[in-house]
Amino acid sequence: MDLKGEVQVIGSDVRANESDAYNSGTNLRVMAGASFNLVEDVRANLMFQYANAWGNAPLADQGFGTNGRTAQNYLDDVKLAEANVVLSNLFDCFELTIGRQFYGDENSAVMYFGPNHYNAERYGLANSLDAVKFTYSDDAKAFTVLAGRVVTNTNPADVTPAPAVLTDDAAIYGADFKLNLTEALKWQVYGYDLRNVAYATIDADGNVVNAADENAGFYGTKLAFAPEAFTVSAEYARNFAGDRLVKEHKDTGYMVKADAALNLEAFTPRFAFVYSANEFNAFGNYMPGLLVGNRVDVFKAYEGNGLRLFNVGVDYNYGKWTFALDGYSFQDRYASHAATLEADLTAKYAHNEYVELFAGVGYAKYGTEEKVEIGQDNTKGQIGMLLKF
């Protein structure tokens, strides 16, 4: 048996005219569980989670504060994050995972279910899938098919905007194929169909309309080239929705994302460009910067006008320290308004292989669109600890 889990604490403060646009305070999430062998080639995973803001009553006991609560009061707020069994060497070459599970890459712009980190605005409970996942992999390729239902856990402070409004019978089906063309060149193709999911859309009068489609999802491809000296990648993903699979509405949403980094020993200069159209919908975890990209889903920041984003940054590693300096430019895809500019400085300190301290400061100078909603420019500071075991 292997015990596993993590503790994340983030304290943040934002100076803003509209302070409710951001979260200020100290937030906690605890995840704890175990992984253990049941019989030969069968392993079980179990994980529970708890989240709360310091000084606030947890969900099951709103209005009574944090003092004098019983153990049962706290247990009522513990949620089941993972509960699955994994069958290895199935038919000598496959792996089958059945039950509640995390899925995807935390850095993905299109698909991730699991805990996020270093983010004071989306600090809460992790979402997961009740699913069956079937995987084949070797040194050259990996193929995954997935079928299940989405498990959405509400953030305690209700500050995380959901990428979609899920109906009671919402289901997800998908496939992901990864191929190592060479040692440095990798190619990925994926597609996901979300049944009975109501994405938030805006009608002609500016009202939010949640119109459910029988099928709604996205498909895409990614190419990454990573020799020792540098890394470059490009990804394209496109929505579909309608009464049959891969049918598109008028003005279907899509997304293009390009990244590049140069490896110069201690220094790593970076560049990113993101372009989207018509409120691209997915289940990604792309949250650029400390302010703008964490406050809202960046692909919906300008409603149907899409997104044009530039990011230039550099990382510096010094012993146990990692520093990052980033600059961002946010506009709609037509560049029809003055850009919102953001500058961030973050630092991470690896106390040991299990414990990391982190901090960051950011400043956002809002352009035309955000000025109307937010008001004055924002300054943000955050500090935190991440412990994994």
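The values are calculated or read from the model by the stated rules, or taken from the named source; none is laboratory data. All of these numbers come straight from a predicted model, not from anything done at the bench. Note: ideal-geometry Cβ built from the backbone for every residue, glycine included; neighbour counts use all protein chains shown. The accessibility values were calculated without ligands, DNA or RNA, using every heavy atom of the protein model including side chains. Shrake-Rupley method; radii C 1.70, N 1.55, O 1.52, S 1.80 Å.
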If R0 is 51 Å, what FRET efficiency do you get for ASN180 and SER336 from their C-beta distance, rounded to 0.05? 0.75
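Accessible area per residue of the range 117-157 at 1.4 Å probe, in Å²?
Values: 1650 Å² over 41 residues.
Per-residue value: 40 Å².
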Going by amide H atoms built from the backbone, whose H comes under 5 Å of the H on ASN127, apart from near neighbours? GLY114, ASN153
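Quote the FRET efficiency, to the nearest 0.05, computed for VAL42 versus ARG149 with a Förster distance R0 of 41 Å and r equal to the Cβ-Cβ distance. It would help to have the intermediate numbers written out before the result.
Values: r = 23 Å, r/R0 = 0.57.
With a Förster radius of 41 Å, E is 0.95.
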One quarter of the convex hull surface, Cα atoms only: what value does that give for the range 253-386 in nm²? 8.6
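Rounded to the nearest 20 debye, what is the charge dipole size of the range 241-389 about its Cα centre when +1 sits on each Lys and Arg Cβ and -1 on each Asp and Glu Cβ? Intermediate results must be reported in sequence, preceding the final value.
Values: 15 positive and 19 negative charges, 26 e Å.
Here the range 241-389 has a charge dipole of around 120 debye.
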For the range 2-9, in order, what is each residue's ³J(HN,Hα) by Karplus, 6.51 cos²θ - 1.76 cosθ + 1.60 with θ = phi - 60°, in whole Hz (x at glycine and Pro)? 10, 6, 8, x, 7, 10, 10, 10
Report, by chain and number, residues whose modeled amide H sits under 5 Å from the one on ASN263, excluding near sequence neighbours (fewer than 5 apart, same chain). PHE230, THR231
Under the definition of Cα pairs under 8 Å and six or more residues apart, what whole-number percent is the relative contact order of the range 101-153? 29
Contour excess over end-to-end distance, with Cα ends at LYS141 and ALA71 and 0.36 nm allotted per residue: 20.4 nm
Could you give the length gained on full extension between VAL85 and ALA224, defined as 0.36 nm per residue of separation minus the Cα-Cα distance, in nm? 46.8 nm
Need one number: nm distance between label points at VAL7 and ALA350, each 7 Å from Cα along Cα→Cβ, rounded to one decimal. 2.2
For LYS247, counting only lysines whose alpha-carbon sits under 26 Å away and dropping same-chain residues fewer than eight positions off, the answer is LYS133, LYS178, LYS222, LYS257, LYS300
Would you mind getting me the FRET efficiency between ALA34 and TYR236? Use the beta-carbon distance for r and R0 = 45 Å, nearest 0.05. 0.65
